[in-house]
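One structure is given here, and the rest of the page talks about it.
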Amino acid sequence: MCLLLGATGVGKTLLVKRLQEVSSRDGKGDLGEPPPTRPTVGTNLTDIVAQRKITIRELGGCMGPIWSSYYGNCRSLLFMMDASDPTQLSASCVQLLGLLSSEQLAEASVLILFNKIDLPCYMAMEEMKSLIRLPDIIACAKQNITTAEISAREGTGLAEVLAWLQATHRANG
């Protein structure tokens, strides 16, 4: 199981829909217009077939207070942040620290996704890493942490996310 977490409005639902498209096309071809999405109330389960079936459980951002009840059987964690909204970064960082300190997630591999790099107001990766002190977080975390800049809307970086999921779920059995 892979958990997909992040604040409301960061693009989690669109990411899952786009990952399905990318995996079904083997990363080839234009993704076209993004499909319509609505804020997730509750949870969505989606299977991505990428060499093997990977189930992604997306939890709505408003469910933050009860995310921990879904940590069991979590092999990997996709944590999404909005690269175009600096005011949300600190709240997202607090959420991330809570996730990384959970014993249930101590063995999970973590991919931090900085989404919305297609927007003109997005912050550079180095600026975001510096603002949330990501090098310090990575140094103190028990988990193996990777970062990626993506645009779920445009499809930028999604092949890399899929490759990370494949490698992580292959390595974890």
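How much of Arg153 can a 1.4 Å solvent probe reach, expressed as accessible area in Å² and rounded to 10?
120 Å²
Under the rule a/c < 1.5 gives rounded, and otherwise a/b versus b/c splits prolate from oblate, where does segment 1-78 land using the Cα gyration tensor? Provide the component values of the computation, followed by the final result.
Values: a/c = 2.94, a/b = 1.38, b/c = 2.13.
Oblate, since a/c reaches 1.5 and b/c is not below a/b.
Among the aspartates and glutamates, which fall within straight-line cross-link reach of Lys142, defined as a Cα-Cα distance under 18 Å, with same-chain neighbours fewer than 8 residues apart omitted?
Of all the aspartates and glutamates, those that pass the test against Lys142 - Cα under 18 Å, at least 8 places apart if same chain - are Glu103, Glu107.
For the chain, what does the helix formula give at 222 nm: sum of -39500 (n - 2.57) over DSSP H segments with n ≥ 4, over the residue count, nearest 500 deg cm²/dmol? Mind dumping the intermediate values first?
Values: 5 runs with 56 residues, N = 173.
Here the helix-only value at 222 nm equals -10000 deg cm²/dmol.
How far, in nm, would the chain grow between Lys142 and Glu103 when pulled straight, counting 0.36 nm per residue and subtracting the alpha carbon separation?
Values: separation 39, 0.36 × 39 = 14.04 nm, distance 0.93 nm.
Extra length available between Lys142 and Glu103 comes to 13.1 nm.
At R0 = 35 Å, how high is the FRET efficiency between Glu33 and Asn73 if r is their beta carbon distance? Nearest 0.05 is fine. Don't skip to the end; give the middle numbers.
Values: r = 35 Å, r/R0 = 0.99.
My answer for the efficiency is 0.50.
Run the 1.4 Å probe and let me know the accessible area of Lys12, rounded to the nearest 10 Å².
Only protein atoms counted, so the area is about 10 Å².
Tell me the per residue accessible area of the chain using a 1.4 Å probe; a whole number in Å² is fine. Each step should come with its number before you reach the end.
Numbers: 8420 Å² over 173 residues.
For the chain, the solvent-accessible area averages 49 Å² per residue.
What's the tally of Lys pairs in segment 1-134 whose alpha-carbon atoms lie under 21 angstrom apart, where the two lysines are 8 or more places apart or on different chains? Please report the intermediate quantities before stating the final value.
On the way: Lys12/Lys53; Lys12/Lys116; Lys12/Lys129; Lys17/Lys28; Lys17/Lys53; Lys17/Lys116; Lys28/Lys53; Lys116/Lys129.
Count of close lysine pairs: 8.
Out of the total accessible area of segment 1-126 (probe 1.4 Å, heavy atoms of protein only), what percent is carbon and sulfur? Please report the intermediate quantities before stating the final value.
Values: 3150 of 5950 Å².
Carbon-and-sulfur percentage of accessible area, whole number: 53.
Of the beta bridges DSSP finds with both residues in the chain, what % are antiparallel, to the nearest 5? Don't skip to the end; give the middle numbers.
Details: 9 of 29 bridges.
Just about 30 percent of them are antiparallel.
Quick one: compute the contact order of the chain, relative version, from alpha carbon pairs under 8 angstrom and 6+ residues apart, as a percent.
On the way: 296 pairs, mean separation 46.3, N = 173.
The value is 27 percent.
First check a/c for the chain, with a ≥ b ≥ c the square roots of the eigenvalues of its C-alpha gyration tensor; if it is under 1.5, answer rounded, and if not, answer prolate when a/b is larger than b/c or oblate otherwise.
Details: a/c = 1.38, a/b = 1.10, b/c = 1.25.
Rounded is the answer for the chain, as its axis ratio a/c remains below 1.5.
Using only the Cα atoms of segment 92-173, build the gyration tensor, take square roots of its eigenvalues as a ≥ b ≥ c, and label the shape rounded, prolate or oblate: rounded if a/c is under 1.5, else prolate if a/b is larger than b/c, else oblate. Walk me through the numbers on the way to the answer.
Working: a/c = 2.39, a/b = 1.19, b/c = 2.01.
Here segment 92-173 falls in the oblate category.
The values are calculated or read from the model by the stated rules, or taken from the named source; none is laboratory data. If you're wondering where the values come from, they're calculated on a predicted model, not measured in any experiment. A quick note on method: Cβ atoms are made from the backbone with ideal geometry, for glycine too, and the neighbour counts reach across all protein chains shown. These area figures cover heavy atoms from the full protein model, side chains too; ligands, DNA and RNA do not enter into them. Shrake-Rupley method; radii C 1.70, N 1.55, O 1.52, S 1.80 Å.
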